[in-house]
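Peer 1: Quick one: the structure is below, and I'll ask about it shortly.
The values are calculated or read from the model by the stated rules, or taken from the named source; none is laboratory data. On a predicted model such as this, the values are computed, not experimentally measured, just so you know. Quick reminder, even Gly has a Cβ in these numbers, built from the backbone with ideal geometry, and neighbours come from all protein chains shown.
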Amino acid sequence: MIVCIIQARMSSTRLPGKVMMEIRGKHLLHYVINQVKQSKKLDSIVIATTTLTKDAQIVNYVNSLQENFFRGDPENVLDRYYECAKEYNADIIVRITADCPFIDHKIIDKCISKFQNGDFDYLSNTIKKENDVWNYHHNGFPVGMALEVFTFNALKKAKNEAKKPSEKEHVSPYIVNNSNLFKLGNIENDENQSDIRLTVDHKIDFDLIQIIIEHFKECKYFSMEQLVLFLNKNPQLKEMNSNISHYEGYLKSLKEDKIYLKSLK
């Protein structure tokens, strides 16, 4: 069973409530779900939110769409993914975040196909092996096209053994940082388009997404190619959010790791 788990919450620190903000009368989460549903490789889609009262709004909305949902730990996203995957009998998990409204189904299916045809515990378009070390990398994809594919067994091992805050908040760091324990793989884009930012962490990100959706208002879903072409033809739009760090959330977690490690001394 291949299950896509989309993590979503209302309490984003940089742009609270972003997943329920509306463009053309539809929530941001709608666009994410609609993009993912174009995949031909997925057996099921689940929206994984938290047990916090404020996230009942997400649950009610997902219910209205007749989509699957799961409520889990508000802080430990790794545990939330594990419990969600267990409840929905996932053998293979595809991880996507709800702030990526243009995630391309072709990239999802490409990752799944390579994963199925190889011998991997984890595969994504967000890591690259350089000097014999796996590190996080955009691999030429626009920011906002990130996804990860991993086995339930890899997720279970990470859940049982991960200790650092970054490993629990971002799900995959324990796997990526222990390549001696897991078989890792990746895919890379043919051209470097990583200067394009299509994720939503700040109001300016949302403003850009709104402009794009308004421009392509007749589209039923979006492809990476059409978005790249549009933004490269309109560099002033690409510049709107170009000064935002791509790894803000992860860098914040790494600072929390240092505090955690100090507490052990």
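Peer 1: Look through LEU227, LEU231, LEU198 and report the one residue that is surrounded by 14 or more Cβ atoms within 10 Å (Cβ to Cβ), modelled with pLDDT of 95 or more, touching a helix residue (DSSP H, G or I) at 6+ places or on another chain (Cβ under 6 Å) and closer than 23 Å to LYS26 by Cα.
Peer 2: After applying the criteria, what remains is LEU231.
Peer 1: Which one of the conditions (1) at pLDDT 95 or above; (2) surrounded by fewer than 16 Cβ atoms within 10 Å (Cβ to Cβ) does ASP119 fail to meet, given that it meets all the rest?
Peer 2: (1)
Peer 1: Starting from residues that are touching a residue at least 60 places away in the same chain (Cβ under 8 Å) and among the hydrophobic types (A, V, I, L, M, F, W, C), keep the ones in region 132-153 and report whichever is farthest from ASN232 (Cα to Cα).
Peer 2: The selected residue is PHE152.
Peer 1: Here are some conditions: (1) within 16 Å of PHE150 (Cβ to Cβ); (2) out of contact with any Lys or Arg (no Cβ under 6 Å at 6 or more places or on another chain); (3) not hydroxyl-bearing (Ser, Thr, Tyr). VAL36 meets all but one. Which one does it not meet?
Peer 2: Failing condition for VAL36: (1).
Peer 1: Now a separate question. Filter region 234-247 down to the residues that are in a loop (DSSP other than H, G, I, E, B) and free of Cβ contacts under 8 Å to residues at least 40 places away in the same chain, then identify the one that is surrounded by the most Cβ atoms within 10 Å (Cβ to Cβ).
Peer 2: Within region 234-247, the match that is surrounded by the most Cβ atoms within 10 Å (Cβ to Cβ) is MET240.
Peer 1: Pick from ILE187, ILE213, ILE259, ILE204: which is at pLDDT below 95 and either of a type in the set (A, V, I, L, M, F, W, C) or surrounded by 15 or more Cβ atoms within 10 Å (Cβ to Cβ) (or both)?
Peer 2: Among ILE187, ILE213, ILE259, ILE204, only ILE259 is at pLDDT below 95 and either of a type in the set (A, V, I, L, M, F, W, C) or surrounded by 15 or more Cβ atoms within 10 Å (Cβ to Cβ) (or both).
Peer 1: Just one of LYS129, LYS86, LYS157 is surrounded by fewer than 16 Cβ atoms within 10 Å (Cβ to Cβ), in a helix (DSSP H, G or I), touching a residue at least 24 places away in the same chain (Cβ under 8 Å) and of a type outside the set (S, T, N, Q); which is it?
Peer 2: LYS86
Peer 1: Which residue pairs have Cβ atoms under 6 Å apart, sit 6 or more places apart or on different chains, and have a first residue in region 187-204 that is under 18 Å from ILE96 (Cβ atoms) and a second that is in a loop (DSSP other than H, G, I, E, B) and among the charged types (D, E, K, R)?
Peer 2: THR199/ASP99; VAL200/ASP99; ASP201/ARG14
Peer 1: A further question on this structure: What's the number of the only condition in (1) part of a loop (DSSP other than H, G, I, E, B); (2) crowded, with 22+ Cβ neighbours inside 10 Å that ILE47 fails to meet?
Peer 2: With (1) part of a loop (DSSP other than H, G, I, E, B); (2) crowded, with 22+ Cβ neighbours inside 10 Å applied to ILE47, the lone miss is (1).
Peer 1: Looking at the structure I just gave you, is LYS41 modelled with pLDDT of 95 or more and within 30 Å of ASN160 (Cβ to Cβ)?
Peer 2: yes
Peer 1: Give the residue that is surrounded by the fewest Cβ atoms within 10 Å (Cβ to Cβ), with candidates limited to residues of region 51-82 that are among the hydrophobic types (A, V, I, L, M, F, W, C) and not in a loop (DSSP other than H, G, I, E, B).
Peer 2: Checking each candidate, the answer is ALA56.
Peer 1: Taking GLU214 as the residue in question, decide whether it is part of a helix (DSSP H, G or I), among the charged types (D, E, K, R) and under 22 Å from ARG95 (Cα atoms).
Peer 2: Against the criterion (part of a helix (DSSP H, G or I), among the charged types (D, E, K, R) and under 22 Å from ARG95 (Cα atoms)), GLU214 does not qualify.
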